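Novice: If you scroll down you'll find the structure; I have some questions about it.
Since every read-out is calculated from the coordinates, none of them should be taken as a lab result. What you see is a predicted model; the values in this text were computed from it and never measured. Glycine gets a Cβ as well: all are built from the backbone with ideal geometry, and neighbour counts include every protein chain shown.
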Amino acid sequence: MIRRVVFLLPAGLAMLAGLDAALLLLGLPAPLTTDRLPDIHGMLLVLGFVGTVIALERAVALRTRLGFAAPALLGLGALTLLSPAPVRAGQILLIAGCGALIGVYVPLFRRSHDESVMIQALGAVLALGGAVLWAAGLPMADVLPWLAGFIVATIVGERLELARVVRLAPRTVNHLLALVACLMAAVTAALLWPGPGHALLGASVLALVAWLSVHDVARRTIRSSGLPRFMAGCLLAGYAWLAVAGGIWLLHGRTVEGFAYDAVIHSVFLGFTLSMIFAHAPVILPAVLRVRLPYHPVMIVPAVLLHASLALRVLVGDARQIEWARQVGGVLNITAVLLFVVVTVTSIVVASRRSPTPRHPAASPSLTPAATVAP
Ligand code: HEM
């Protein structure tokens with residue numbers, strides 16, 4: 001367990017530093033202030049935090065030492081960005097980490113020949129593209145579709161794995177593959193021809209949300225109870241936020257700064273991505289860290305706070321251009337994330353005290369083993 005915590009620590013630090021930078025970006029006082037922090041907020045959170053967590057979970061599924069190079073490089077990249085070392089060094093490490101993540105998917109695909117792994121691998125290709133473009137000095141507005149595509153493809157791949165519980169027709173899987181191909185094309189087009197490219201990106205994202213809304217098992221498990229219901233609630237709320245982002249891209253096109261920029265970014269990365277992390281944490285952490293993390297209804301509190309505060313920020317603050325609502329919503333977003341960390345760590349500590357010799361769950365082949373969410 002300790003060795004795996006070491007891989008998770010840089011991700012935790014990247015998250016805390018990213019949240020600190022978020023306060024600075026909101027124009028508020030923050031515990032830590034450096035010139036660099038606001039500029040690296042996005043990369044710290046997307047590749048340093050979420051990327052490292054995804055890479056660690058995939059490395060655990062692969063079960064070879066080499067697989068751990070991906071989370072190690074991504075975590076090291078985040079730490080280097082936070083250090084006084086040249087930003088270029090951190091950028092190179094992030095590029096190497098994304099390359100290593102693609103490398104993890106190759107044996108995983110050879111093992112399973114599963115489309116879900118292929119989709120996740122395509123997501124890692126988008127992460128690599130985003131890291132390279134950022135290092136090449138492109139504005140974050142142009143890097144954004146690549147980072148969003150990375151997260152969306154990774155989650156869609158994971159959900160496909162699970163949707164198999166209900167026996168999908170081959171045609172349905174082919175539809176999803178076609179939509180992911182559209183997403184890849186749209187991300188590239190958004191860079192080359194921003195106008196039509198962003199409209200295509202919005203349409204692809206909306207089509208993916210439609211596929212997920214019809215075929216994801218969350219639609220059924222929302223009617224169950226306990227953990228499956230909690231997960232389903234977070235998933236469905238996350239899909240709704242992804243639809244908001246898709247709608248903004250479709251109608252508004254490329255956003256560079258200001259309220260629409262804030263809205264599209266955080267619909268994807270807070271409403272969708274963080275909601276997915278909240279949903280999967282009770283399953284990922286036991287598999288990755290070999291700890292017990294029993295579901296407790298109190299986990300609903302940070303999840304509700306995340307979505308309510310994001311609604312204040314995006315639907316009131318950004319949509320009506322009301323600065324105080326954006327700031328209050330943003331601070332409550334940060335509170336929700338920190339509260340979830342506190343609830344999770346407390347649950348792990350309490351569970352380990354109650355039962356000091358846990359049955360270690362085997363490293364799961366996916367973020368969401370079917371047994372956990374099947375109704
Ligand atoms: C938890 C609360 C968060 C707050 C309060 C926050 C705040 C902000 C603010 C104020 C901006 C600047 C927006 C603008 O220029 O109009 C920003 C940009 C951004 N945020 Fe966040 N953020 C948060 C979480 C996250 C998370 C979790 C992610 C990713 C996983 C993320 C990714 C980004 C990205 C990619 C940008 C664009 C950066 C750039 O233009 O350089 N944010 N954030």
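Novice: Taking every Cα atom in region 1-112, find the radius of gyration and the maximum pairwise distance Dmax, and write them in Å.
Specialist: Both quantities, over Cα of region 1-112: 14.6, 50 Å.
Novice: Determine the sum of side-chain charges near ALA21: Lys and Arg each +1, Asp and Glu each -1, restricted to other residues whose C-beta is under 13 angstrom from that of ALA21.
Specialist: Once positives and negatives cancel, what remains is -2.
Novice: Taking neighbour Cβ counts within 10 Å as the exposure measure, how do HIS113, HIS252, HIS307 sort from fewest upward?
Specialist: HIS113, HIS252, HIS307
Novice: Right, something else. Between region 234-260 and region 163-224, how far is it from one alpha carbon centroid to the other, in angstrom?
Specialist: 14 Å
Novice: Pairs of alpha-carbon atoms within less than 8 angstrom and 6+ residues apart define the contacts here; what relative contact order does the chain have, in percent?
Specialist: 14 percent.
Novice: Going from the alpha-carbon gyration tensor of region 129-175, what semi-axes, largest first and in whole Å, does one get by taking the root of 5 times each eigenvalue?
Specialist: Details: eigenvalues 210, 17, 9 Å².
After diagonalising the Cα gyration tensor, the semi-axes are 32, 9, 7 Å.
Novice: Identify, among ALA218, PRO84, GLY247, the residue whose Cα sits farthest towards the positive end of the charge dipole of the chain, taking +1 on the Cβ of Lys and Arg and -1 on the Cβ of Asp and Glu, with the dipole about the Cα centre.
Specialist: Of ALA218, PRO84, GLY247, it is ALA218.
Novice: Rounded to a whole number, what is D in µm²/s for the chain from Stokes-Einstein with the Kirkwood radius over alpha-carbon pairs (4 °C, 1.567 mPa s)?
Specialist: Approximately 63 µm²/s, per Stokes-Einstein.
Novice: Same structure, new question: For a protection proxy built on the mean count of beta-carbon atoms within 10 angstrom, sort 272-282, 170-180 highest first, please.
Specialist: For the peptides 272-282, 170-180, the packing ranking is 272-282, 170-180.
Novice: Please build a GNM for the chain, connecting alpha carbons under 10 Å apart, and tell me which residue among LEU162, LEU26, LEU126 fluctuates the most.
Specialist: LEU26
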